[in-house]
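The values are calculated or read from the model by the stated rules, or taken from the named source; none is laboratory data. All of these numbers come straight from a predicted model, not from anything done at the bench. Here Cβ is always computed from backbone atoms with ideal geometry, including for glycine, and neighbour counts include all displayed protein chains. Just so you know, the surface numbers come from the protein's heavy atoms only, side chains and all, with ligands and any DNA or RNA stripped out. Shrake-Rupley method; radii C 1.70, N 1.55, O 1.52, S 1.80 Å.
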Amino acid sequence: MGFIVAQLLTGMANASALFLVASGLSIIFGVTRVVNFAHGSFYMLGAFVAYSAMQVLPGFIGFWASILLAGLAVGLIGLIVEVCVLKPIYKSPELYQLVATFGVILVIQDLALLVWGPEDLIGKRAPGFEGVVMILGERVPAYDLVLIAFAVIVLCALWYLFNRTRAGVLVRAATQDREMVSALGVNQSILFTAVFFLGSFLAGIGGAAQLPKGGADLLMDFNILAAVFVVVVIGGMGSIIGAFVAAMLISILQVFGVHLLPQSTLVLMFVVMAVVLVFRPWGLFGREEQAGEHGGAGPPQEPLRELSGRGRLVVAAVIGALALVPVFGGQFGTVLFADVIIFCLFAASLHYILGIGGLVSFGHAAFYGGGAYTAALLVQYAGTPMELALLLAPLGAGFAAMIIGWFCVRLSGVYFAMLTLAFAQVLWSIVFQWTDLTGGDDGILGVWPSQWASDPVVYYYLVLVLGTGGVLLLRAMAHTPFGYALRGARDSALRSEAIGMNVQFIQWMSFVFAGAMAGLAGGLFVFAKGSVFPTELEIAKSFDALIMVFLGGVQSLSGPIAGASVFTLLQDLLSRFEYWRLCLGLLIIAIVILFPGGIAGAGNWMRSRFSRAEVSS
Amino acid sequence: MTMLELANINTYYGSAHILHDVSLEIGSGEVVALLGRNGAGKSTTMKSIIGLVRPASGSVRFSGREIGGMPPYEICRNGIGYVPEERRIFSDLTVFENLEVGRRPARSDAPSWTVERLCELFPNLAERRANRGGQLSGGEQQMLTIARTLMGNPKMILLDEPSEGIAPVIVEQMARTIQELKREGLTVLLSEQNLHFAKLVSDRAFIIESGTMRYSGTMAELSDQPDIREKYLAM
Ligand SMILES: Nc1ncnc2c1ncn2[C@@H]1O[C@H](COP(=O)(O)OP(=O)(O)O)[C@@H](O)[C@H]1O
Ligand SMILES: [Mg+2]
């Protein structure tokens, strides 16, 4: 009995920071409709700022003042991000806002490294709560109880704010219908900024309050991000009480999971989320989304055009140029451009479901990594030759996409995105933890191409053939009736159903096809590198693909190719600087703000300018 | 004295040209009906005035001031209240919280409203004060959306089809309410398909069809011209 209570309290204490961060994210999303990926970074900054403040401010009062100060500082940073980064792009499709907040993550990572250095910092114990309390014969850290009380106090304060103050009522009204709120005389712009401040403030005090328990380090941002999303999705986007309940649920399950089934801990919360979403697609306390409110890649687009004669010429020229890379690029260029081609295929496969299907997947790395691991495992355990492994990699990834897609296509918008993220994380955890099979963190080594393709130049040509073949296949599919049906389902799901299309089935099959193509990219990658590690399945990998697609522009088929090329080359270039994340982050933000159509969009824009100039001259 | 004047406004949704050189003017204290069939452009005219859509050209002057191109909240603060056709009640908020969202400071040149006064005008709302907006009947929601807008103490209100979809007894009550508002000195632009209702309350009428103004005159004149009614209003 005592043991169970003690575990329960530990779980609730762990839930405290999670709740604070998640409630902030939820509030921001509710009003501004921005899914703020940088929220984990705000949490991390809260811990760092509080650490520094506690060095200066002594004693009991100093401790709590530091937490408050960290909240205010992070709130201010959130405010700056909202005003400088997000305000200019509120009118863009919401996916651009996602990419912009991802840029903010990169910037904050390097700024934190710059200011606080690479070492993990250990937080001071809270004055007055250093000891343990005996509860039913079990020792419970006193600060755990403080954290639980802290979460409850914040919950009550938020309840008061939202139900008893005018500002809170306005925020709730805006969560429902911001346009009407503005027609009633409320300046939305100020409301958005205020909400961003509040949400960031909560993330900041969350990071600060857990300092005595968890310290501060540079991985905190990504480490909490997945859990925060899970909490917000389980609780329901925009619901604070939902965030509280879900944070408690997840954290308590987690603590018991550690004792009952230690392997389960990394996947447990994602399983809970998947179950909740299948039965309650809008979370426990969420409100059903209005159709078209979310998730769209923007307004209906111009029809895709078949390539014109000139377009075909350009494609042929690009392929021809790529074929010459080993001749002029040397070994370095050959290896680099093999990567570029592989990522083009990866990005193009994501674009197929995202741009054409309108389904924003946050977990596409599951299939890329899935293909990579399929090939590597086959080679490792069955001695499968490369040719067969490259054939089976897309099949394995497609099979994974079949299972995952079956669940995911039932949802749309943000919830679809979160569920794909969750499944990708599950797959990652399996690979990471099943050390006997996959080698865990050490990966699988020694996966080399067949004898005939062992020369890097020969392998490069193999990548060129299969990679461009995959990209062209994706393109061709977009122009088949199946591809048109997928586009139709994106632009008007209701109308498509009315004319007798089985929208979910089409989306499911497209998901499988896209997954298989990502798997091919993964397979090519393994043999290029000779090894594979769990990083190929990480959230960060999925984000890489998202950024490539958005950099290139969602609206055109050439977008992902442009985006992947630029991203891969840029990363290669920038990774030589110590603070390359800072550069990349700023660059991403600049591109999103200056060219909301992406690189391909900017190209189209210039082309239309150019051809108009031709006409007028 | 002219309160609101639209001069040759053109409004688009994307590339669809909806309003074509629409002009109208409304004097202080008048109740004016904007009549037209479904899809004629009445709601678009109202949205163009409050700024929810921005006219591509033309001018919107209110109390002698150009308001075209201002964001909705500024137009509202200039003294125009907007009551949307779809009502757009905040269904998660209580009745009183809905009123709170609309509250703005009193102004010297407009009737000023308090929750108490609005409860006298709409007795149902007082009874339902703690209910959520989503729990109200259609008629009650219509009352609430008007009351919410009045909380902003506007000089003029835009009422988009207030009689749509509510029971006949409530429609009569609505007509009395509008007459009461007129007595208070409020200027009203009312959009309607229901000529009978418009006659009960308005002094003058404009008729819009396919986004173009077709007619303007007093209610009495319109009664004498069955051909016009036939042409632009009959179903
Ligand atoms: N959001 C919109 N997007 C595109 N077209 C619209 C939109 N709203 C209305 N329309 C079109 O504009 C025209 C006028 O509509 P509206 O102003 O709502 O008419 P009314 O209020 O007189 O019924 C109609 O043809 C309608 O289809
Ligand atoms: Mg209308």
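Things worth noting here:
- Shielding of peptide B:65-77 by partners, expressed as the average count of other chain Cβ atoms within 10 Å per residue Cβ, is 3.
- The C-alpha atoms of segment A:507-560 occupy a region whose extents along the principal axes are 35, 26, 20 Å, arranged from largest to smallest.
- Packing, taken as the mean count of other beta carbons within 10 Å per residue, orders the peptides B:198-208, A:158-168, A:566-576 from highest to lowest as B:198-208, A:566-576, A:158-168.
- Counting lysine pairs in the protein assembly as shown whose alpha carbons fall under 20 angstrom apart, excluding pairs fewer than 8 residues apart on the same chain, gives 9.
- By the equivalent-ellipsoid construction on the alpha carbon gyration tensor, segment A:329-548 comes out with semi-axes of 30, 20, 14 Å, ordered largest to smallest.
- Look at the stretch B:100-110: the mean tally of other chain Cβ atoms within 10 Å of its residues' Cβ atoms is 3.
- Hydrodynamic radius (Kirkwood) for segment A:487-537, which is based on Cα pairs only, to one decimal in Å: 13.2 Å
- Compactness of the protein assembly as shown as Cα Rg over 2.2 N^0.38 Å, two decimals: 1.07
- The mean accessible area for residues of chain A, using a 1.4 Å probe and ignoring ligands and nucleic acids, is 41 Å² per residue.
- Between helix A:413-433 and chain A: long-axis angle, C-alpha atoms, 0 to 90°, nearest 10: 90 degrees
- Computed over the Cα atoms of segment B:2-232, pair by distinct pair, the Kirkwood hydrodynamic radius stands at 17.8 angstrom.
- Surface share of carbon and sulfur [accessible, 1.4 angstrom probe, percent] for chain A: 70 percent
- With every protein chain in place, segment B:2-232: carbon and sulfur % of accessible area (1.4 Å): 46 percent
- Working ranking of peptides A:127-133, A:79-85 by packing, defined as the average number of other Cβ atoms within 10 Å per residue, highest first, is A:79-85, A:127-133.
- Two-decimal Rg/Rh across segment B:107-180, once Rg and the Kirkwood Rh are taken from alpha-carbon atoms: 0.95
- Counting Cα-Cα pairs of segment A:446-496 in 5 Å increments starting at 0 gives whole-percent bin shares of 5, 18, 15, 13, 10, 9, 8, 9, 7, 5, 1.
- Between 0 and 90°, nearest 10: helix A:265-279 axis offset from chain A longest Cα axis: 80 degrees
- Whole-number Å³ per residue for the convex hull built on Cα positions in segment A:2-279: 138 Å³
- Here each label is just a point 7 Å from Cα along the line to Cβ, and for B:A167 and B:A16 those points are 3.5 nm apart.
- Once Rg and the Kirkwood radius are both taken over the C-alpha atoms of segment A:101-207, their ratio Rg/Rh works out to 1.12.
- 222 nm mean residue ellipticity, helices alone, for chain A (DSSP H n ≥ 4; -39,500 (n - 2.57); rounded to 500): -24500 deg cm²/dmol
- Counting Cβ atoms of other protein chains within 10 Å of each residue's Cβ and taking the mean over peptide B:140-151 gives 1.
- Principal-axis tilt of helix A:39-56 within chain A, Cα atoms, nearest 10 degrees: 40 degrees
- Solvent-accessible area lost on pairing B with A (1.4 Å probe, both sides summed) amounts to about 1900 Å².
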